[in-house]
Amino acid sequence: MRSLLRHLRFLAAVQLLPALESGEETTLVGGQAVLEGVMMRSPHAWGICIRRPDGTLATHSEPLDKLSDKHKWMGWPFMRGIMTLGQAMTLGFRALRYSANVLLDELTPDDEKKTEISGWVIAVNLILSLGFFIFMYKFVPLLAATKLKNHYPAFGNQILFNVIDGVIRIALFLLFIWGISLWPDIKRVYRYHGAEHKTVFAFENNDPLTVENAQAYSTFHPRCGTSFLMTVMLIAMLFYMLIPASTFWARFASRIALLPVIAAVSYELIRFAAKHGSSFFAVMTKPGLWLQRITTQPPSDDQVETAIAALNEAMELEKQRGGELVIA
């Protein structure tokens, strides 16, 4: 039963993956909350730290290739967003799998074969996650808006129709984020998310990486995946208003086709807002920061310690690979 619950936690965390990770192929560090731990990434390495049930720490690090170093075109504006987000999602999934395997390993008696998240479980999770996203945030809002338009012809206006569609989409997202936060295990993930943000803030301000220093910072960070998702949903409303499709399936197809374009534009806005705090684009990212009141929670000292250990793992390998992070 406990093993099954771990698998369910893993599935829930996969659904939250875009909101928990921050992908940024720059000189900045980023990270992601995982099950009972944190993954941290630098431009050329990533490290992860998981707190076992007995209180000890399990750490791991691996090299990370910077995409724009391999292919210059992957660093071009807008293109870099799609490439970096794809890499971030892949890395985030690997980190989640590592955390789940560490916890499953602790639940398995020494005289039994160790349990791991198998390949078929990973494949099923990926299919379920993609299907859930398309159904919940593309199909359902569009269907609801179409039903309302059929009952109230005034909603057939292109702008009003897509506003209603967008509001329903955001409402479903908020309901999911809030509802799953009621699960104690996910609430702990949100606390590790807060620990990750505090640690990144301490690093960006050149403070010594101690629990006391990190705890002094906010849990709200502009490069958070939560901010990115909210920005995507707001930008999507504007894009959909420009598409002349009038039938249900044409609109649905356009929403799928525009996903990479909207993600690329949103990535650039988040990147710009992080560097220009008083800009108009920074104001657009404010709703994402407000939403972090749900997806990040105040962490305990042990959780911050875990995040610092993860960042130290990444930084140690970053130095070995000749990388140098310069904080402006």
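Taking amide H positions as placed 1.01 Å from N in the peptide plane, with prolines and chain starts having none, which residues 5 or more places from ALA45, or on another chain, fall under 5 Å of its amide H?
For ALA45, whose amide H was placed from the backbone, the distant partners under 5 Å are LEU64.
Ranked by Cβ crowding within 10 angstrom, fewest neighbours first, how are ASP54, ASP185 ordered?
Lowest to highest Cβ neighbour count: ASP54, ASP185.
In which sequence would SER42, SER99 go, from the one with the fewest C-beta neighbours within 10 Å to the one with the most?
SER42, SER99
From the phi of every residue in region 214-229, what ³J(HN,Hα) in whole Hz does the Karplus formula 6.51 cos²θ - 1.76 cosθ + 1.60 yield, where θ is phi - 60° and glycine or proline is x?
5, 5, 6, 9, 6, 8, 9, 10, x, 8, 5, x, 4, 4, 4, 5
Arrange the following residues from fewest to most other Cβ atoms within 10 Å of their Cβ: LEU182, LEU142. Write out the running numbers ahead of the final one.
Details: LEU182 8, LEU142 21.
Ranking LEU182, LEU142 by Cβ neighbours within 10 Å, fewest first, gives LEU182, LEU142.
Rule-based calculations on the coordinates, nothing more; no lab input. Nothing here was measured: the structure is a model prediction, and the numbers come from that model. Don't worry about glycine lacking a Cβ; one is built from the backbone with ideal geometry, like all the others, and counts go over all protein chains shown.
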